[in-house]
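The values are calculated or read from the model by the stated rules, or taken from the named source; none is laboratory data. Worth saying up front: this structure is predicted, and the values here are computed from it rather than measured. Note that each Cβ is placed from the backbone with ideal geometry, even for glycine, and that neighbours are counted across all protein chains shown. The area values use the complete protein model at the heavy-atom level, side chains included, leaving out ligands, DNA and RNA. Shrake-Rupley method; radii C 1.70, N 1.55, O 1.52, S 1.80 Å.
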Amino acid sequence: MSRARADEEEYWHSSKFRAFTFDDEDDELSQLKESKRAVNSLRDIVDDDDDDLERVSWSGEPVGSISWSIKETASSSASSLEGRDSSLQKGSSSYAAFPKQVSSYSLSSLFKGRNKLPSFQSLSDALSDTGAKNYAPELRRPKADYKDYSSDWSPKDTVRRMQRGKVCSLERFRSLQDKLVLLDEAVAGHDGNVITAVLIFLKRTLRREILFRELEVRQVALCHLIHFLKETGEQKLLLDLLRLCFFSLSLQLSQYREHLNIQDVEKRREFLKGCIGLPFSAEDTSHIQDHYTLLERQIIIEANDRHLESAGQSEIFRKYPRKASILNMPLVTTLFYSCFYHYTEAEGTFSSPTNLKKTFKIPDKQYVLTALAARAKLRAWDDVDALFTTKNWLGYTKKKAPIGFHRVVEILQRNNAPVQVLQEYVRLVEDVETRLNLATKYKCHDVVIETYRDLKDRIQLTAYKCKVERGSAEEEKINSILSNMVRN
């Protein structure tokens with residue numbers, strides 16, 4: 001019992017650590033090794049990655065510098081830390097006595113200026129270390145990949161990149177001017193997705209009043225926003241936008257109608273010129289531009305024709321005096337006037353019909369109808385014939401009408417064309433029933449007789465014989481055809 005108590009007291013009073021005394025016989029080398037082990041034990045759990053501390057190698061160059069890293073990378077010898085410690089214990093001070101450690105620097109650390117020795121692991125590295133580290137170089141992404149997020153793109157370049165599906169930040173466009181330039185570039189690119197994306201950005205970053213005001217003069221963008229609001233169901237904003245557009249359009253139309261109250265032709269012309277700048281749609285703006293151009297053209301034609309008429313220098317003005325001024329007349333009336341009085345003029349003159357057709361892009365059907373009515377009124381049958389005569393590349397001529405020859409016949413009949421002229425165009429009607437109806441209606445007997453002959457219809461020929469005059473050339477022609485049918 002006493003033995004056990006003695007052992008217990010010895011256990012509690014004993015210690016494997018010795019107390020400090022000034023008479024300690026350990027040398028400085030053993031103390032250095034003990035301190036080193038303590039420091040190394042701390043480094044295993046503390047991340048020694050302080051960028052503010054500059055470490056220096058044995059060569060005197062800062063650790064992590066470019067020159068030091070190149071030397072480290074170029075070194076091919078390797079040794080362990082124990083070899084380095086043994087060299088320290090031997091007291092060697094020369095650089096050659098220290099074997100070079102295998103470099104653990106990657107390419108990323110070469111440019112970052114940072115290093116991590118194996119004995120100076122960070123806490124995250126110590127926890128994630130699986131025993132087999134991968135020393136493959138950690139390469140940065142190419143600089144071109146970061147250009148998608150660059151803030152130096154112009155509005156035009158930004159729109160182009162958005163059209164190609166690149167990621168582009170629109171937040172860099174802060175001023176109103178830059179945002180409007182971006183919107184104009186998007187509209188010019190004719191890409192609906194890009195226009196909508198820019199409008200969403202503007203809707204989010206601009207006040208409603210400013211956005212609506214700028215969209216008034218940008219009809220394409222306005223239509224895109226209206227469609228987008230319909231799709232997303234933002235009814236309140238959509239109603240406000242439509243109400244503003246309706247008010248703006250009504251104001252513009254009322255201002256445009258003011259030209260009707262201006263009697264002086266020169267003042268009206270100047271007023272129309274100012275209306276071109278109003279925020280109409282592209283189509284309406286084109287119509288106003290044509291209105292201004294037409295009035296300007298009418299002023300020139302009116303001044304010239306008034307001089308010719310008063311001077312008596314033109315035969316057509318002496319034979320067919322003008323009944324009204326050409327000023328403020330519609331385009332079709334102006335074309336009819338030009339075809340009536342100036343049909344043979346060269347295309348280079350303002351009063352030429354072909355010049356009007358080209359300037360105002362008059363369709364072929366409208367031009368032919370108007371020119372036919374004007375030349376038929378003058379009974380200029382040669383001009384009518386030339387209007388429908390075309391020549392192919394072999395030199396053969398044929399008649400072709402973009403309005404249909406049945407309409408040509410009706411216009412000629414209204415202008416009292418002779419039967420010979422009517423019959424020529426009735427024959428060109430392709431539909432047999434329509435041809436017979438027109439020939440019967442306008443008493444083109446030869447056409448009716450020839451059509452029944454081609455159909456070999458004796459009954460209709462016999463019945464039509466009763467409708468012509470006795471002893472006329474038409475009756476003799478029918479008798480001749482009937483007799484030939486009997487022989488055959």
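Points to keep in mind about this one:
- Looking across THR397, THR370, one residue alone is open to solvent by 80 Å² or more (accessible area, probe 1.4 Å), under 30 Å from LYS443 (Cβ atoms) and not charged (D, E, K, R). It is THR397.
- Taking the numbered list (1) in a helix (DSSP H, G or I); (2) within 24 Å of GLU283 (Cβ to Cβ); (3) not aromatic (Phe, Trp, Tyr) in turn, LYS179 passes all entries but (2).
- Segments classed as helices (runs of 4 or more DSSP H), wholly inside segment 296-367, with at least 1 members that are charged (D, E, K, R): 315-319, 353-359
- Within segment 414-443, tally of residues that are open to solvent by 70 Å² or more (accessible area, probe 1.4 Å) and in a helix (DSSP H, G or I): 6
Yes or no, residue by residue, for (1) within 19 Å of ILE301 (Cβ to Cβ); (2) in the same structural domain as ARG407 (by the TED database); (3) without any contact (Cβ under 8 Å) to a residue 12 or more places away in the chain; (4) not charged (D, E, K, R):
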{"position": "GLU347", "(1), (2), (3), (4)": "yes, no, yes, no"}
{"position": "PRO353", "(1), (2), (3), (4)": "yes, no, no, yes"}
{"position": "LYS357", "(1), (2), (3), (4)": "yes, no, no, no"}
{"position": "VAL368", "(1), (2), (3), (4)": "no, no, no, yes"}
{"position": "TRP381", "(1), (2), (3), (4)": "no, yes, no, yes"}
{"position": "THR390", "(1), (2), (3), (4)": "no, yes, yes, yes"}
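- Every condition in (1) buried (at least 17 other Cβ atoms within 10 Å of the Cβ); (2) farther than 28 Å from LYS319 by Cα is met by ILE459 except one, and the failing one is (1).
- Boolean, TYR343 is open to solvent by 30 Å² or more (accessible area, probe 1.4 Å) and within 13 Å of LEU356 (Cα to Cα): yes
- When segment 318-330 is limited to residues that are more than 17 Å from LYS377 (Cα to Cα) and in contact (Cβ under 8 Å) with a residue 40 or more places away in the chain, the one that is least open to solvent (accessible area, probe 1.4 Å) turns out to be LEU327.
- Residue within segment 463-472 that is touching a residue at least 12 places away in the same chain (Cβ under 8 Å), closer than 30 Å to LYS319 by Cα and in a helix (DSSP H, G or I) present: no
- Single condition GLU302 does not satisfy, out of (1) open to solvent by 60 Å² or more (accessible area, probe 1.4 Å); (2) charged (D, E, K, R); (3) out of contact with any helix residue (DSSP H, G or I) (no Cβ under 8 Å at 6 or more places or on another chain): (1)
- Residue match in segment 135-150 (condition: open to solvent by 60 Å² or more (accessible area, probe 1.4 Å), charged (D, E, K, R) and either closer than 21 Å to ARG218 by Cα or at pLDDT 80 or above (or both)): no
- Taking the criterion of being in a helix (DSSP H, G or I), more than 12 Å from ASN328 (Cβ to Cβ) and either open to solvent by less than 40 Å² (accessible area, probe 1.4 Å) or charged (D, E, K, R) (or both), the residues of segment 262-284 that qualify are GLU266, LYS267, GLU270, LYS273, CYS275, GLU283, ASP284.
Quick grid of which residues meet (1) open to solvent by 30 Å² or more (accessible area, probe 1.4 Å); (2) more than 21 Å from CYS223 (Cα to Cα):
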| residue | (1), (2) |
| --- | --- |
| ARG164 | yes, yes |
| GLU171 | yes, yes |
| LEU182 | no, no |
| VAL187 | yes, no |
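- Residue in segment 380-396 that is among the acidic types (Asp, Glu), at pLDDT below 95, in a helix (DSSP H, G or I) and touching a Pro at 6+ places or on another chain (Cβ under 7 Å) present: no
- Considering GLU266, GLU296, GLU315, GLU283, the condition of being outside the structural domain of GLU209 (by the TED database) and within 24 Å of LYS377 (Cβ to Cβ) is satisfied by GLU315 alone.
- Residue match in segment 478-488 (condition: closer than 27 Å to HIS406 by Cβ, under 60 Å from the mean Cα position of the chain (by Cα) and surrounded by 17 or more Cβ atoms within 10 Å (Cβ to Cβ)): no
- None of ASP184, ASP178 is under 14 Å from the mean Cα position of the chain (by Cα), among the charged types (D, E, K, R) and outside the structural domain of ARG269 (by the TED database) except ASP184.
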